[in-house]
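Novice: My questions all concern the structure below.
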Amino acid sequence: MADAVRLAEFFAAHYRAAVATIGTDTAMENARYVLGVLTTKGMTTFTRRELHRRVSRRLPKSDEVSAVLAELAALGWVRHGPDGRYELHPRATAEDPGRVDTLTPTPDSGVSAGQHGREGVNGAR
């Protein structure tokens, strides 16, 4: 039974990596760009309109900004507060955010800022 569970975890990780690879590259590039703007400009809380002003050259349509915010929210990097403002995940503003590519999934963990990676099949990360 334990072998079946490990095999299922392997295939689930493979599926996540394949979906991330097959997914639209433009969407991930835009998400990386926006996350970079948020971190370099120190925008820990912001409105969609404030963000759109910062990224309007690359994302001229407000629908594009909304799509990127939805993607970042799904990944756990931003959340929409009850007051209409967005909040950036504290991990994004860590001392060395460029050390890790936070939007590229690894085979043994998700890309969510809110999740912690699980131990791999052999106990390694």
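Novice: For region 49-95, what are Rg and Dmax over the alpha carbons, in angstrom?
Specialist: 11.2, 32
Novice: Further, regarding this structure: How much space per residue, in cubic angstrom, does the convex hull of the C-alpha atoms of region 9-96 take up?
Specialist: 115
Novice: Convert each backbone phi in region 9-14 into a coupling constant with the Karplus relation 6.51 cos²θ - 1.76 cosθ + 1.60 (shift: θ = phi - 60°), then list the ³J(HN,Hα) values in order as whole Hz, x for Gly and Pro.
Specialist: 5, 4, 5, 5, 5, 4
Novice: For region 23-84, what does the accessible surface come to per residue with a 1.4 Å probe? Please give it in Å².
Specialist: With all protein chains present, region 23-84 gives 60 Å² per residue.
The values are calculated or read from the model by the stated rules, or taken from the named source; none is laboratory data. On a predicted model such as this, the values are computed, not experimentally measured, just so you know. Calculation scope for accessible area: heavy atoms of the full protein, side chains included, ligands and nucleic acids excluded. Shrake-Rupley method; radii C 1.70, N 1.55, O 1.52, S 1.80 Å.
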